[in-house]
Amino acid sequence: MSKCHVTATINGDEVEYLCEPEETLLDVLRDQLFLTGSKEGCGSGDCGACSVMLDGRLVCACLVLGAEAQGRKVETIEGMAHGETLHPLQEKFLEHAALQCGVCTPGVLVAAKALLDRNPDPTETEVRYWLAGNLCRCTGYDKIIRAVMDTAAEMRGN
Amino acid sequence: MRYEAPQTLEAAVGLLAEAGDNGRVLAGGTDLLVQLRAETIEPEIVVDVKRITELRTVSPEDGGFRIGAAVTGAELGEHDGLRAAWPGVVEAAELIGSTQIQGRASLGGNLCNASPAADTVPALIAADAVASIIGPNGRRDLAVADVVSGPGQTALARGELVASIRLPSQSARSADAYLRFIPRTEMDIAVVGAGVNLTLDGDGRCTAARVALGAVAERALLVPAAGDAIVGSTLDEAALSQLAEAASAACRPIDDKRGTKIYRTKVAGVLARRAAEIAQTRAGERA
Amino acid sequence: MARVVLTGNLAKLADGEAELDLDVSSVRQLLRVLGDRHPRLKPHLEKGLAVAINGTIYQEAWLEAIPPDGEVFLMPQIGGG
Amino acid sequence: MAPMDGGGHDLKWVGKRPVRPDGVDKVTGRARFGADYNMAGQLVGRVLRSPHAHAVIKSIDTSAAEKVPGVKAVITRDDIPDQPPEPVTVGEMSVNFSDLIRNVLAREKVLYDGHAVAAVAATSAKAAREALKLIKVDYQPLPHVLDVEEAMRPDAPVLHDNLFTEGADPPADKPSNIAKRIEFTLGDVAVGFEQAEVVLERSYKTEPVHQGYIEPHACVASVTEDGQGELWCSTQGHFVVRAICARMIGMDISALRVTASEIGGGFGGKTVVYLEPLALALSKKAGHPVKMVMTRSEVFRATGPTSGATIRVKIGATKDGRITAGEAEMAYLAGAFPGSPVNPGCMCAFAPYDLENVWVVGYDVVSNRPKVAAYRAPGAPISEYAVESLIDEVADEIGMDPIDFRLKNAAKQGTHAAYGPKFGPIGMIDTLKAIKESEHYNTPLGPNQGRGVGSGFWFNIGGETCVSLNISEDGTATLMAGTPDIGGSRATLSQMAAEELGIDYDKVRPIIGDTSSLGYTFLTGGSRVTFSSGMATVQAAQEVIKELCARAAKIWDIPAEAVTWEDGEARPAGDNAGKFDPLSLEELAASAGKTGGPITGYASINAQGAGPGFGTHLVDVEVDKETGRVTVLRYTVAQDAGKAIHPSYVEGQYQGGAVQGIGWALNEEYIYGDDGLMQNPGFLDYRMPVASDVPMVDTVIVEVPNPNHPYGVRGVGETPIVPPLGAIANAVSHAVGVRMHELPMSPPKVLEAVGGAANGAGD
């Protein structure tokens, strides 16, 4: 069966690729575009390590077909920092030591940014439920939640 | 496998009819992609229906709402009108999976995946929702309660798909609620789900009630006896106990990795009762 | 003389002689003396053991000195996760 | 000697919280984990796994698979030579290659659902998948056994007909599933129980749990025509991988270069090999590099977990709260091959306490489950859960505060550990006091809430370690360690190097060296990295300083002993040495070529004298008595770190361990069907805690320095998973008023314990 020809905007750049119809967006990002920041932890949408934005919605790239991205906008962890400037969430994660092994970190950051873009002043409970789809086995979540709350406060100008 | 993303319902129906048993509808994909990967299904064609406007729209209709089958949980949650009228249906939709899943998983998909544990189905049954089905022979309506026939089985004929789901007009002093039990706070499949939709009169007496349960039988169940138990009452202790008992009595669950028969049966009663109390409070606030 | 204690199953392999006073000044010497005295212990001594000398645990440390009145425990080797 | 904590020196970097050197890579997606690396021309490797819990492999026919276009190699048991069933020393480990080879690729039998049977390498994932479907394996299914008690029965299906119980008395005369019996004795428990006024005895049960790292196993291997190998993999110990793979594949150890990728969590589960030898064998056969990545389902079915167990505990105490005897008998599931952590389980069971009479017996039991791998303080959480539960019950029985009861019996410096030797300076009592004095412990509880305390112990280890420290021409330093960095150790090692050299932390650039760049270094495990690699780093830095002083001495034309190193510069030792302006590291580095060549330091050590770790946890829970749901409301950890080099990462270990413990205690378990197949091999139904399941975890870092480390470091990574199980069990028991003796305390079990389910309808 022939491959699908897809044109999508990824981190602001127009990208063309060919993919198998059953290939996921995650496979395309990692194996064809070498954007390996999105990780595959489960392949079933249960861990959130492959979190990306698809037309402004937080999704698991492992549950999106590569073909579905035709004409759509995809944002990944690789697009989060601007030039030499890290996003405030990235800065705070470093400052708070909100990562240990770091494999869940890209997904957590993409998800946390999606939250703060919608809700600049989330409660601890809101942060915890928003990030419930991002498994982290190292940190016990404590420092992640603190880093997100602190970023929100700083971005609000507190 | 072939991937198609038609712009019209007619085209989608045509593709599915042509594929026969080898076609699958892709809405949110949160179940379909998992099945594809596990190779439990190997369809020849996947028809992505997300580019069909009708399936992606929520619109008011006769005082109620028509919800496109591919509208996601997150979108339902963001629809203020729907949320105000049918908080139980919306909370059920919002319980499906993580934020990431919410961005994809659809109402139609949750229904047609035909899992006995689907969260929205008991809420939709309690709301007396109707599915609009389209296929090679045109459109037909079918109560949501009759769409699912068993685990993974639906009443859809070959080539048919659910286009939208209609929620009726919610009457004054009426409200719905949905609760489910999962071992964690998020990310699990319901061990038990309970949806309640009830109407109160001016004195706070229940005049109508529909109670539906999920994950306690081969498909979501409407439990008329549980609704009857509170009709005519002010949801006093005796009526609520009777509701709980009726809910438990209707259960015919299995033991599986997510729960035991005994546990599901017991908790179904507990949740039905709690959901009824929430619906009562909501209905009271609307009075 | 160092006081040497065999813990766990080691004592059984030493014919129940769980505690011994031995004139040894290093772990290597201790292992040799023990192996000669109780041949059934030998494979276990070679496989690797932990040796606690006055409370400090040493692993794979033949050259560690044993003080004259040292208290020595031979234990299963410890790993970790 | 480096300044000790509290030694009057101001520490500039040690004890501070600098940003980790690998941090930016990890928040931007640049960091390369196991599956993020590719080799030119690589093939896709996939594994065929057993659909049976126990079966004889009568034949394997790969001919159809080999004909699939794009398939370049298929391997089975015939492609990896067998080795005798005897322990072989590999670095610091004793490995039974006969078992290991059979675990990596089944030979005579498959022993568990998911056991690897064959592997293919193909040009595409599609071709590999198709090939797997065409491999014909003729199985003869056998009865299987999963449960530890059932596996021990004389009539149980026997997994290995060459397995005779080691340590059995009298010696075993027929094969069984009991691989080993071990026994530890201190004093005389019969005497101890006679002295007791209260004696309680209970039986406990725990389920196997998986380490649950988020990154699945992954590797890329290349073996060239001249027999040289390269392997990139996600591992806790690339030197161990090298040693094992080289022996399995039949290569010289030095011919195989292993590079550890960034590792997405291990917790002990990445101290062993699964895919690596297969990828090497496939690459050798195919003549191309081969990349292999496990699916999550493969991770659950075929790797890890740690043991499930049954534990009987008996404790005697006087009414004034002195424990007179402790006895425990435990059987640990090893999985398909011997080697459960029952040994440390036995040794740790009573270790937090100062007891005169202890008797512990353990059994290592095989069953048709995946072979267990190390998991954080292997064996200790299981036995200490049982002991901490009963300790709590005894305290209740004699009406004593659970912390006071523990304080009265706590191990301290000079205590003979239940497994033998005397403890040096330890912090058990300090952790109990920290919890007792915490605001948390003194806050009242609400209805349906319960509070639990649990303590825990883990040995910690040292071991073989190499570190190199090279001074660059501009006076900055590159530090190379051989211990993969899982949780921030590049930061802690750099802090110690900066402290020693007297230069800024960001002037030290650390990397993890591959196996060809450093001498043998044992793995990241046993809470040994900050201790051992830290010790080696300090030694390498001392060597650099010695050389720097020598160079300054040459420049000044004075004896080397007349030069000291202070605040990052060489100074004359005193007035007698002469008057010279200090020479900075930067200046000495710039002139290094003229004074004798590059300045480097190298330490290769076998670190000894690890400091025992003790911790006490406090937890509040609320129980919904109608559904059996347990909600963790509040959590506090106190643990002795010896010295926290980077307190944030110490706290992180405490918090992560506590939350893993919460999962273990409440919801994580393997669910098998009657067919012996695992039913929940995914994160959906293997229920690890998610962010909304847990509260913040407060931490108290106790610092009782370890005298055997230049900065007083003890390991901290493993101890935090020991106390939670007991603490949570005790809290749940207090909330519902009924003692539970089984983990996980999942909602159905809790509801049953409170009698809720019994009242319900249903059968």
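Derivation of every value follows stated rules applied to the coordinates shown; laboratory data play no part. These figures come from a predicted structure and were not determined experimentally. Please note: Cβ atoms are built from the backbone with ideal geometry, for glycine as well, and neighbour counts cover all protein chains shown.
What dipole magnitude, in Debye to the nearest 20, does region B:174-286 give about its Cα centre under +1 on Lys/Arg Cβ and -1 on Asp/Glu Cβ?
420
For a quick check of your reading of the filter: which GluC sites (Glu not before Pro) in region D:256-361 sit in a DSSP loop and have no more than 14 other Cβ atoms within 10 Å?
Within region D:256-361, no GluC sites (Glu not before Pro) qualify (loop, at most 14 other Cβ atoms within 10 Å).
What ³J(HN,Hα) values, in whole Hz, does the Karplus curve 6.51 cos²θ - 1.76 cosθ + 1.60 give for region B:30-42 when θ = phi - 60°, with x put for Gly and Pro?
6, 9, 4, 5, 5, 5, 4, 5, 6, 6, 7, 10, 9
For a paramagnetic label modelled at 7 Å from the Cα of B:Ala157 toward its Cβ, which residues of region B:17-53 fall within the zone defined by backbone nitrogen distances under 15 Å?
B:17-18, B:20-21
Hey, which of these cross-link pairs are over 27 Å Cα-Cα: D:Lys205/D:Lys371; D:Lys26/D:Lys433; D:Lys67/D:Lys285; C:Lys12/D:Lys422; D:Lys180/D:Lys291; A:Lys73/D:Lys26?
Table pairs above 27 Å Cα-Cα are D:Lys26/D:Lys433; D:Lys180/D:Lys291.
Just going by the charge dipole of region B:174-286, with Lys and Arg at +1 and Asp and Glu at -1 on Cβ, which of B:Tyr263, B:Ala175, B:Gly195 is farthest out on the positive end?
B:Tyr263
For C:Ala18 and D:Ala560, FRET efficiency with R0 = 56 Å and r from the beta-carbon atoms, rounded to 0.05?
FRET efficiency, D:Ala560 to C:Ala18: 0.60.
Along the charge dipole of the protein assembly as shown, pointing to its positive end and built from +1/-1 on Cβ of Lys, Arg, Asp and Glu, which listed residue (D:Phe405, D:Gly187, D:Pro18) has its Cα farthest out?
Of the candidates, D:Pro18 comes out farthest on the positive side.
Short version: ³J(HN,Hα) in whole Hz for each residue of region D:652-662, in order, from phi by Karplus 6.51 cos²θ - 1.76 cosθ + 1.60 (θ = phi - 60°), x for Gly and Pro, what are they?
x, 5, 4, 5, x, x, 4, 6, 4, x, 4
D:Cys233: net charge of surrounding residues, Cβ under 14 Å, Lys/Arg +1, Asp/Glu -1, itself excluded?
-1
List the trypsin sites (Lys or Arg not before Pro) within region D:304-409 that fall in a DSSP loop (any state other than H, G, I, E or B) and whose Cβ has at most 13 other Cβ atoms within 10 Å.
Here the sparse-neighbourhood loop sites are D:Lys319.
Check D:Arg509: other-chain or 5+ apart residues with amide H under 5 Å from its amide H, H built from backbone geometry?
Counting only residues 5 or more places away or on other chains, the set is D:Ala477, D:Thr478, D:Leu479.
Would you list, by chain and number, the lysines whose Cα falls below 16 Å from the Cα of D:Lys12, excluding same-chain residues fewer than 8 positions away?
D:Lys507, D:Lys643
List the GluC sites (Glu not before Pro) in region B:43-118 that DSSP assigns to loop (not H, G, I, E or B) and whose Cβ has at most 15 other Cβ atoms within 10 Å. Which are they?
When the GluC sites (Glu not before Pro) of region B:43-118 are filtered for loop state and at most 15 Cβ neighbours within 10 Å, B:Glu44, B:Glu78 remain.
In a shell of Cβ-Cβ distance under 12 Å around B:Arg210, excluding B:Arg210 itself, what net charge do Lys and Arg (+1) and Asp and Glu (-1) give?
Taking every Cβ under 12 Å from that of B:Arg210, the sum is -3.
Check which residues have an amide H placed less than 5 Å from D:Leu43's amide H, if you skip close sequence neighbours.
D:Val290, D:Lys291
Can you put D:Met480, B:Met187 in order, fewest other beta carbons within 10 Å first?
D:Met480, B:Met187
Rounded to the nearest 5, what is the percent of antiparallel bridges among the DSSP beta bridges in the protein assembly as shown?
Restricted to the protein assembly as shown, the bridges split so that about 80 percent are antiparallel.
Can you grab the distance from the C-alpha centre of region B:238-274 to the C-alpha centre of region D:200-248, Å, no decimals?
45
How large is the helix-only mean residue ellipticity at 222 nm for the protein assembly as shown, computed as the sum of -39500 (n - 2.57) over DSSP H runs with n ≥ 4, divided by its residue count, in deg cm²/dmol to the nearest 500?
It comes out at -8000 deg cm²/dmol, rounded to the nearest 500.
Enumerate the aspartates and glutamates that A:Lys39 could reach by cross-link, defined here as Cα to Cα under 13 Å, with residues fewer than 8 away along the same chain left out.
Cross-link targets: A:Asp27, A:Asp31, A:Glu78, D:Asp36, D:Glu215, D:Glu262.
According to a simple spin-label model (label point 7 Å from Cα along Cα-to-Cβ), what is the distance in nm between A:Asn158 and B:Glu42?
Between B:Glu42 and A:Asn158, the label points sit 5.6 nm apart.
Explain nothing, just the number: dipole magnitude of chain B about its Cα centre with +1 on each Lys and Arg Cβ and -1 on each Asp and Glu Cβ, in debye rounded to the nearest 20.
Taking the Cα centre of chain B as origin, the dipole is about 320 debye.
Going by amide H atoms built from the backbone, whose H comes under 5 Å of the H on B:Gly28, apart from near neighbours?
Long-range HN contacts for B:Gly28: B:Ser106, B:Gly109.
In debye, nearest 20, what is the charge dipole magnitude of chain D about its Cα centre with +1 on Lys and Arg Cβ and -1 on Asp and Glu Cβ, if you could check?
Computed about the Cα centre, the dipole is about 1740 debye.
Determine the percent antiparallel among the DSSP beta bridges restricted to chain D, to the nearest 5.
75
Counting only trypsin sites (Lys or Arg not before Pro) that are in a DSSP loop and have at most 16 other C-beta atoms within 10 Å, tell me the longest site-free stretch of chain B.
B:1-157
With an 8 Å cut-off on Cα pairs and a minimum separation of 6 or more residues, tell me the relative contact order of chain B in percent.
16
Applying the Karplus parametrisation 6.51 cos²θ - 1.76 cosθ + 1.60 with θ = phi - 60° to the phi angles of region A:115-129, what ³J(HN,Hα) value in whole Hz is obtained for each residue in order, glycine and proline being reported as x?
Each residue's phi maps through the Karplus curve to give 5, 5, 5, 8, 9, x, 9, x, 7, 4, 5, 4, 5, 4, 6 Hz.
How big, on average over all directions, is the shadow cast by the Cα convex hull of chain B, in nm²?
Mean shadow area of the hull around the Cα atoms is 13.9 nm².
Along the charge dipole of region B:1-48, pointing to its positive end and built from +1/-1 on Cβ of Lys, Arg, Asp and Glu, which listed residue (B:Ala12, B:Gly29, B:Ile45) has its Cα farthest out?
The residue sitting farthest along the positive end of the dipole is B:Gly29.
Using a 10 Å cut-off around each Cβ, can you sort A:Thr76, D:Thr465, B:Thr281 from fewest to most neighbouring Cβ atoms?
Ordered from fewest to most neighbouring Cβ atoms within 10 Å, A:Thr76, D:Thr465, B:Thr281 come out as B:Thr281, A:Thr76, D:Thr465.
On a C-alpha basis, how far is the centre of region C:1-78 from the centre of region A:92-110 in Å? Whole number, if you could?
For region C:1-78 versus region A:92-110, the Cα centre distance is 46 Å.
Give the cysteines in chain D for which no other Cys Cβ lies under 4.7 Å away, or write none if there are none.
D:Cys245, D:Cys346, D:Cys348, D:Cys466, D:Cys549 - these cysteines have no disulfide-compatible partner (Cβ-Cβ under 4.7 Å) in chain D.
Would you please state the base-10 log of I(q)/I(0) at q = 0.21 1/Å for region D:91-215, with intensities from the Debye formula using one equal scatterer on every alpha carbon?
Values returned for q = 0.21 Å⁻¹ are -1.39.
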